[in-house]
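For reference, the structure discussed in these notes is given below.
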Amino acid sequence: MMLGLCGNADDAKLLEQKVLASGERYRIGLDGIMAGYVLLTGEQGMDLIDREKVADKSEEFSEHIAAAQMIRFLWQYAPDAIPKRRLIASMRKLVDNSKVADVVIPDLARWEDWGLTEHLVSLYGTEGYDIPFIQRKILHFCMAAVDSVPEGTTEPPKYAAVAGRFLKKIERRPELYNLAKKGYYR
């Protein structure tokens, strides 16, 4: 991370080697290495992280988690380093990996990425997304989408209408819906 804050092109090459190194099951501090790398290389560095870590579903779980943590860090603490829309696009790619979807869906809800609503609804119950804790995260996302509409709005935005219809359908399975509702807070 320190190199990312005050390093140069040579340091970026070193960090890239560290990011791409493999062979270890869990690499402590990888999120900081990735963040430092992206701080030095910008969107070009994000492209490499997306290609080599985010989009590669065969990659170790811990590598995906490190990438998600790096994206969160950039969102929160380096908002000018990478455009928000680009960070959202990278995080969305992790949604398509059921191994980590439950970890990143809440971030996308906090970031109000309501354009993801239809995609999440389509994933619900499919292979890999048929696990109750992932289903709850999708339900929480939809609840947040509905709650995001200001009171008094006569015609809800399309994303809220999709989420609302989906939640009405899921209400017919009260055991899962009630569990999700109980754990939901906004």
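Estimated from helical segments only, the mean residue ellipticity of the chain at 222 nm is -19500 deg cm²/dmol, where each DSSP H run of four or more residues counts as -39500 (n - 2.57).
Taking 0.36 nm per residue of sequence separation and removing the Cα-Cα distance, the Lys18/Glu171 pair yields an extension gain of 50.3 nm.
Here the chain is treated as a sphere whose radius is the Kirkwood value from Cα pairs; by Stokes-Einstein at 10 °C and 1.306 mPa s it diffuses with a coefficient of 90 µm²/s. Partners of Lys169 within straight-line reach, counting lysines whose Cα lies under 21 Å from its Cα and excluding those fewer than 8 residues away in the same chain: Lys137, Lys158, Lys181, Lys182. Protein heavy-atom surface of the chain, 1.4 angstrom probe: 52% of the accessible area is carbon and sulfur, with nucleic acids and ligands not counted.
Residues of segment 1-136: accessible area per residue at 1.4 Å, in Å²?
Details: 6820 Å² over 136 residues.
Here the per-residue accessible area is 50 Å².
The alpha-carbon of Lys53 sits under 20 angstrom from the alpha-carbons of these lysines, leaving out residues fewer than 8 places away in its chain: Lys13, Lys18, Lys84, Lys93, Lys99.
Against the empirical 2.2 N^0.38 Å scaling, what ratio does the C-alpha Rg of segment 69-109 come to? If you can, show how the numbers build up before the last one.
Values: Rg = 10.0 Å, N = 41, 2.2 N^0.38 = 9.0 Å.
After normalising by residue count via 2.2 N^0.38 Å, the value is 1.10.
Rounded to the nearest 0.05, what FRET efficiency is calculated for Glu112 and Tyr26 with R0 set to 41 Å and r the Cβ-Cβ distance? Can you show the working numbers first?
Working: r = 32 Å, r/R0 = 0.78.
E between Glu112 and Tyr26, to the nearest 0.05, is 0.80.
The values are calculated or read from the model by the stated rules, or taken from the named source; none is laboratory data. Bear in mind the structure is a predicted one, so any value in this text is a computation, not a measurement. With ideal geometry, Cβ positions are generated from the backbone for all residues, glycine too; neighbour counts draw on all protein chains shown. Calculation scope for accessible area: heavy atoms of the full protein, side chains included, ligands and nucleic acids excluded. Shrake-Rupley method; radii C 1.70, N 1.55, O 1.52, S 1.80 Å.
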